[in-house]
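Have a look at the structure below before the remarks.
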Amino acid sequence: METSKETNERPEEMNVRPKERHGCVTAWLILMIIANSIIAVGYLFGGEFVAKNFPGGISNTVLVTLGVLGVVNVVSAVMLFNWKKIGFWGFTVSAIIALIINLYIGVGIIQSVWGLAGIAILYVILQIKKDDVDTWTNLD
């Protein structure tokens, strides 16, 4: 009677490779966590400085909303780091809301739409392969 681990595994479990991401993807996610943390703190705790440097000022509601979007981005990056595809969709929703806010407060259309480029860049980075498998495919 064999009691080895191999005999207890199902055939589909024997061929499963652990999820791995390319180092560039990991570096990008870490950069996103750091940058969005700084942005969130800046809007939430340094909002007066931001408002003073914006022509016409910005309301506290808008500053708090932008700060919360920064927190959403940090959570989304952590979710991607933990192999959750919903993190990508969190970034997408956040970028759309930021676009609307930017247009509302008078940021130019080109600058406002530029925020959506971040979603495209993230998607492209998630396509970088390690061992012939991209990160996007590995996301749950």
Counting lysine pairs in the chain that sit 8 or more positions apart or on different chains, with Cα atoms under 24 Å apart, gives 9
For ALA51 and THR92 in one chain, what is 0.36 nm times their gap in residues minus the Cα-Cα distance, to one decimal in nm?
12.2 nm
Kindly state, to the nearest 0.05, the FRET efficiency for VAL41 paired with THR137, given R0 = 35 Å and r defined as their beta-carbon distance.
0.55
Compute the angle between helix 23-45 and the longest alpha-carbon principal axis of the chain, please, reported from 0 to 90 degrees and rounded to the nearest 10.
30 degrees
Of the listed values (1) 99; (2) 124; (3) 107, identify the label whose number matches volume of the Cα convex hull per residue in Å³ calculated from this model.
(2)
Degrees separating the helix 86-104 axis from the principal Cα axis of the chain, which is the longest one
10 degrees
Phi to ³J(HN,Hα) by Karplus 6.51 cos²θ - 1.76 cosθ + 1.60 over region 75-83, Hz, x for Gly, Pro
4, 5, 5, 5, 4, 4, 4, 9, 6
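Every read-out reported here was derived from the displayed coordinates using simple, explicitly stated rules and does not represent laboratory data. Just so it is clear, the structure is predicted and the values come from calculations on it, not from any experiment. Using ideal geometry, Cβ is built from the backbone for each residue, glycine included, and neighbour counts are taken over all protein chains shown.
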